[in-house]
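Following: one structure in C-alpha cells, then a few remarks.
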C-alpha cells in the first residue's frame, strides 16, 4: 500500500488506487450515483470478514469518507474493527480486488478477506 496517505490511528484511509477505482465504479454503469460500503461481518475462516457493497442510502451511524469522487460508508460497529486501516485496490495477474491493511487484525486467512482479533 505504497500510495497511502498519512493517517492517525483513528482514521480509515483510502489509497489513491482505491479512490480511483471506487470513483470509477460510482460514476459508471449500474452503480452510478451510489456509495461504496465497507463493512465487517461475523464469518469467514478466521472469525470476521470484510464486505464491499454498494448502497444508495446513508444511515444515521455511518461514517463517510469522501475523496476524489469516491464516497465510502462505514457503519459505527465496523469502524471500531477498521480503525487505523487502509483500503487499497490491487491489480495482479490472478485478479483484481480491494484489500485492507488492518492493524487491529491479529491474524488473517490465506484468502485475505477474513481476519481475527487478538484478545
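Some observations on this one:
- Cβ-based exposure ranking for 15, 59, in which fewest neighbours within 10 Å come first: 59, 15
- Tensor-based shape of the range 13-105 (alpha-carbon gyration tensor, a/c under 1.5 rounded, otherwise prolate or oblate): oblate
- With neighbours defined as other Cβ atoms within 10 Å of a residue's Cβ, the residues 40, 64, 12 order from fewest to most as 64, 12, 40.
- Value of relative contact order over the range 13-105, rounded to a whole percent, pairs C-alpha under 8 Å and six or more apart: 29
Each reported figure results from applying straightforward, stated rules to the coordinates on display, with no laboratory input. All figures in this text were calculated on a predicted structure; none of them were measured in a lab. Reconstructed Cβ throughout: ideal geometry from the backbone, glycine too, with neighbour counts over all protein chains shown.
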